[in-house]
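Nothing in this text is a laboratory measurement; each read-out follows from the coordinates by a stated rule. The structure presented is a predicted model; accordingly, all values stated were derived computationally and were not measured. Neighbour counts run over all protein chains shown; Cβ positions are idealised from the backbone, glycine included.
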């Protein structure tokens, strides 16, 4: 499980993305817990989309736990829920 709290914005999304990509390399399952995220930028959505693509390519089962800011961005950027099964924490 990877847990993120606080803001995911242009200042830290690259570091977040690199960390998740590294952890995903040797995983067979992943839970990405964003339930503590208070701000979720468009760049962060792109990073989560990359996770989805890499997970599918590696046959990794993954789940995303969301917060209200993450949900808002997903409604805009992923209205058809292409990222897969999402659960709202809380």
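Straightening the chain between residue 75 and residue 28 buys 14.2 nm, computed as 0.36 nm per residue apart minus the Cα-Cα spacing. Each Cα pair under 8 Å and six or more residues apart adds its separation to the average, and for the chain the resulting relative contact order is 33 percent.
Label point of residue 61 set 7 angstrom out along Cα-Cβ; within segment 12-55, amide nitrogens under 15 Å from it belong to 27-32. Helix content alone sets the calculated 222 nm mean residue ellipticity of the chain: runs of n ≥ 4 DSSP H residues at -39500 (n - 2.57) each, divided across all residues, give -13500 deg cm²/dmol. Extension gain, residue 15 to residue 68, is 16.9 nm, computed as 0.36 nm per intervening residue step minus the present C-alpha separation. Debye-formula intensities of the chain, expressed as log10 I(q)/I(0) at q = 0.11, 0.19, 0.22, 0.23 Å⁻¹, are -0.25, -0.80, -1.12, -1.23 (one equal scatterer per alpha-carbon, no solvent).
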